[in-house]
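Notes for the one structure printed next.
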Amino acid sequence: MSDIILSNITKSFNGKTVLNGVSFTFPADTTTCIKGPSGCGKTTLLRIIAGLEQKDGGTISGMLEKISYVFQEDRLCEDFSAVSNIMAVTGRTLSKEKIREHLTELGLEESAQKPVRELSGGMKRRVAIARAVCYASELLILDEPFKGLDVKLRQSVMDYIKHHADGRTIICVTHDPAEAEYMGGNLIDMGETRN
């Protein structure tokens, strides 16, 4: 795996500049946390890295093909169980038993077979995180993954992600400096890079 290198990335929406000449390196097999004020372009940057948004200018090298993504919204299939939501992305690469082990690690063993619509917001969040972690990606993108989780849960979920990092490159957006410190790796403050 190689480093992901962004050079001079620009992006505007309806004439409003969101990213202006942004250059960052995300080292391979390392966690990088991004923080910054709302509206500074963090989510836009993640979407460009994931190929969900086209940049207006600049270059990206070292892009990885297999990407898993925890969006700010959970984006789960509400009528599916937690196990089925995960199988929707893993296919048969993971057994149901293995998926249940992941859910148990996140305190969801009693809820593994319930329709997701019956779960609380914090439980849905953990299902979305498990789904991204269970997919055999090279790059794990996390956009404010811990919002809606209390402090104790947050720490156990961060431990879960770190335990299953498996040599992946991780890019995590957070507003909380303590989360960034706990996740380890590098920290980028996009509030300091705005022109």
query = For the subset of the range 159-181 comprising residues that are farther than 13 Å from residue 142 by Cβ and at pLDDT 90 or above, which member is least open to solvent (accessible area, probe 1.4 Å)?
reply = 167
task = Might you let me know whether the range 26-38 holds any residue that is open to solvent by 30 Å² or more (accessible area, probe 1.4 Å), farther than 19 Å from residue 185 by Cα and not aromatic (Phe, Trp, Tyr)?
result = yes
key: Filtered residues of the range 43-79 (kept if charged (D, E, K, R) and in contact with a Lys or Arg (Cβ under 8 Å, 6 or more places away or on another chain))   = 53, 55, 56, 74, 78, 79
message = I'm checking my understanding of the structure. Among residues of the range 109-158 that are within 27 Å of residue 65 (Cβ to Cβ) and among the charged types (D, E, K, R), which one is surrounded by the most Cβ atoms within 10 Å (Cβ to Cβ)?
response = 126
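Among the residues of the range 55-62, is there at least one that is in contact (Cβ under 8 Å) with a residue 12 or more places away in the chain, on the phi > 0 side of the Ramachandran plot and not polar (S, T, N, Q)?
Within the range 55-62, the first condition is being in contact (Cβ under 8 Å) with a residue 12 or more places away in the chain, and the residues that meet it are 55-62.
Going one step further and asking which of them are on the phi > 0 side of the Ramachandran plot, we end up with 58, 62.
Subsequent filtering for residues that are not polar (S, T, N, Q) retains 58, 62.
Within the range 55-62 (the criterion being in contact (Cβ under 8 Å) with a residue 12 or more places away in the chain, on the phi > 0 side of the Ramachandran plot and not polar (S, T, N, Q)), the answer is yes, since at least one residue qualifies.
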inquiry  = So if I check each of 98, 124, which one is assigned to a helix (DSSP H, G or I), charged (D, E, K, R), over 16 Å from the mean Cα position of the chain (by Cα) and farther than 30 Å from residue 10 by Cβ?
reply    = 98
inquiry  = Residue pairs, Cβ under 6 Å, 6 or more apart or interchain, first in the range 142-168 and within 22 Å of residue 1 (Cα to Cα), second open to solvent by 70 Å² or more (accessible area, probe 1.4 Å). List them.
reply    = 167/29
query = Can you name every residue in the range 163-179 that is part of a loop (DSSP other than H, G, I, E, B) and either small (Gly, Ala, Ser) or in contact with a Cys (Cβ under 7 Å, 6 or more places away or on another chain) (or both)?
reply = 165, 167, 174
message = Residues to consider are 10, 43, 93, 17; find the one that is open to solvent by less than 60 Å² (accessible area, probe 1.4 Å) and either farther than 25 Å from residue 186 by Cα or within 20 Å of the chain's Cα centre (by Cα) (or both).
response = 43
key: Residues located in the range 14-53, provided they are over 27 Å from residue 146 (Cα atoms) and either assigned to a loop (DSSP other than H, G, I, E, B) or without any contact (Cβ under 8 Å) to a residue 12 or more places away in the chain (or both)   = 14, 15, 16, 17
query = If only one of 59, 90 is at pLDDT 95 or above and under 21 Å from residue 137 (Cα atoms), which one is it?
reply = 90
Selection from the range 182-195 of residues that are at pLDDT 90 or above, open to solvent by 30 Å² or more (accessible area, probe 1.4 Å) and either out of contact with any Gly (no Cβ under 8 Å at 6 or more places or on another chain) or not in a strand (DSSP E or B) (or both) = 182, 186, 187
inquiry  = For the range 73-90: of the residues being surrounded by 15 or more Cβ atoms within 10 Å (Cβ to Cβ) and assigned to a loop (DSSP other than H, G, I, E, B), which is nearest to the chain's Cα centre (by Cα)?
reply    = 74
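The values are calculated or read from the model by the stated rules, or taken from the named source; none is laboratory data. Here the structure is a predicted model, which means the values were calculated and not measured. As a convention, Cβ positions derive from the backbone with ideal geometry for all residues, glycine included, and neighbour counts pool all protein chains shown. Just the protein is used for accessible areas: all its heavy atoms, side chains included, with ligands, DNA and RNA removed. Shrake-Rupley method; radii C 1.70, N 1.55, O 1.52, S 1.80 Å.
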